1. Check every one of the helices (runs of 4 or more DSSP H) wholly within the range 197-254 and list those with 2 or more residues that are more than 28 Å from Ala158 (Cα to Cα) and either basic (Lys, Arg) or more than 16 Å from the chain's Cα centre (by Cα) (or both).
2. Taking the residues in the range 25-69 that are of a type in the set (S, T, N, Q) and in contact (Cβ under 8 Å) with a residue 60 or more places away in the chain as candidates, determine which candidate is nearest to the ligand (Cβ to nearest atom).
3. Among Arg137, Arg93, Arg132, which is surrounded by fewer than 23 Cβ atoms within 10 Å (Cβ to Cβ) and more than 29 Å from Ile41 (Cβ to Cβ)?
4. Give the residue that is nearest to Leu223 (Cα to Cα), with candidates limited to residues of the range 125-152 that are part of a helix (DSSP H, G or I) and in contact with an Asp or Glu (Cβ under 8 Å, 6 or more places away or on another chain).
5. So Glu222 passes all but one of these: (1) free of Cβ contacts under 8 Å to residues at least 60 places away in the same chain; (2) acidic (Asp, Glu); (3) within 13 Å of the ligand (Cβ to nearest atom); (4) crowded, with 19+ Cβ neighbours inside 10 Å. Which condition number does it fail?
6. Restricting to the range 154-193, and then to whatever is within 15 Å of Ile214 (Cβ to Cβ) and of a type in the set (D, E, K, R), can you tell me which residue is nearest to the ligand (Cβ to nearest atom)?
Amino acid sequence: MSETANTPLGKLRLGVNIDHVATVRNARGSAYPDPIRAAKIAEQSGADGITAHLREDRRHISDADIEGLMAELTLPLNFEMAATAEMQAIALRHKPHAVCIVPEKREERTTEGGLEVAREENSLAHFIAPLREAGCRVSIFIAADQAQIEAAARIGAAVIELHTGAYCDLHAEGKFDERDAELVRLTEMAAYAHELGLEVHAGHGLTYDTVAPIAAIPQVMELNIGHFLIGEAIFTGLPTAIGEMRRLMDDARV
Ligand code: PXP
């Protein structure tokens with residue numbers, strides 16, 4: 001085990017995902033609530049980055065939202081997208097700070113699993129090459145699985161984002177032994193990915209109840225959190241929700 005195994009590698013960044021501000025807006029086809037306004041409030045409330053997923057069906061974030069975010073934000077944008085030619089063209093037009101490649105199925109409610117990098121290695125390597133050349137930090141959203149991590153390193157990704165959805169679901173279902181086993185997998189795979197030279201991020205489904213053990217993984221450098229924060233903001237406001245998440249992350253990191 002390396003001497004840094006239990007020492008955080010640096011300050012943990014919080015990327016606030018604003019997709020579900022757009023979900024509420026789109027429910028009524030109105031102009032509000034505005035995700036760009038939410039991004040600006042997140043910026044003032046301690047977010048280190050903004051994450052937005054432009055889905056093929058545009059069910060939440062729209063093309064105009066991405067344009068607005070690129071024009072008005074000073075925080076780095078993490079642009080989540082499926083590996084399609086349409087999305088690649090959009091990303092190459094905007095050149096966001098980071099592009100996170102996620103799997104996308106039309107019928108799913110949210111991004112349900114990690115990307116199959118190992119099976120699609122050649123096509124993904126070709127797909128991300130122009131994004132890398134354009135200066136985007138390419139991140140690959142994957143399960144805590146050694147084969148997927150090795151494939152992500154081989155295709156030249158700079159970052160992997162570990163999918164914390166299974167860990168959060170097991171917590172919510174009260175399956176604490178299985179949750180703890182998934183946490184061990186996430187912890188080991190974060191260390192392994194770091195050894196391979198990948199920057200490690202994590203996200204999906206995180207809440208006040210589940211964030212601390214993930215924030216405590218020393219190699220994790222960024223958490224991307226959306227649905228819970230936007231929901232919590234209904235009750236406490238976005239600055240308070242983000243501030244409390246930030247506090248829990250920082251406390252776990254010490
Ligand atoms: N990271 C990735 C790659 C995602 O696809 C999502 C969901 O869009 C998140 C993080 C945020 O997940 P949640 O909205 O459940 O916090």
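1. 227-236, 238-253
2. For the range 25-69, the residue satisfying everything is Thr51.
3. Arg132
4. Residue satisfying both the conditions and the ranking: Gln148.
5. Among (1) free of Cβ contacts under 8 Å to residues at least 60 places away in the same chain; (2) acidic (Asp, Glu); (3) within 13 Å of the ligand (Cβ to nearest atom); (4) crowded, with 19+ Cβ neighbours inside 10 Å, Glu222 violates only (1).
6. That would be Glu161.
Rule-based calculations on the coordinates, nothing more; no lab input. Everything quoted here is computed from the prediction, not taken from an experiment. We place every Cβ from the backbone using ideal geometry, glycine too, and count neighbours over all the protein chains shown.
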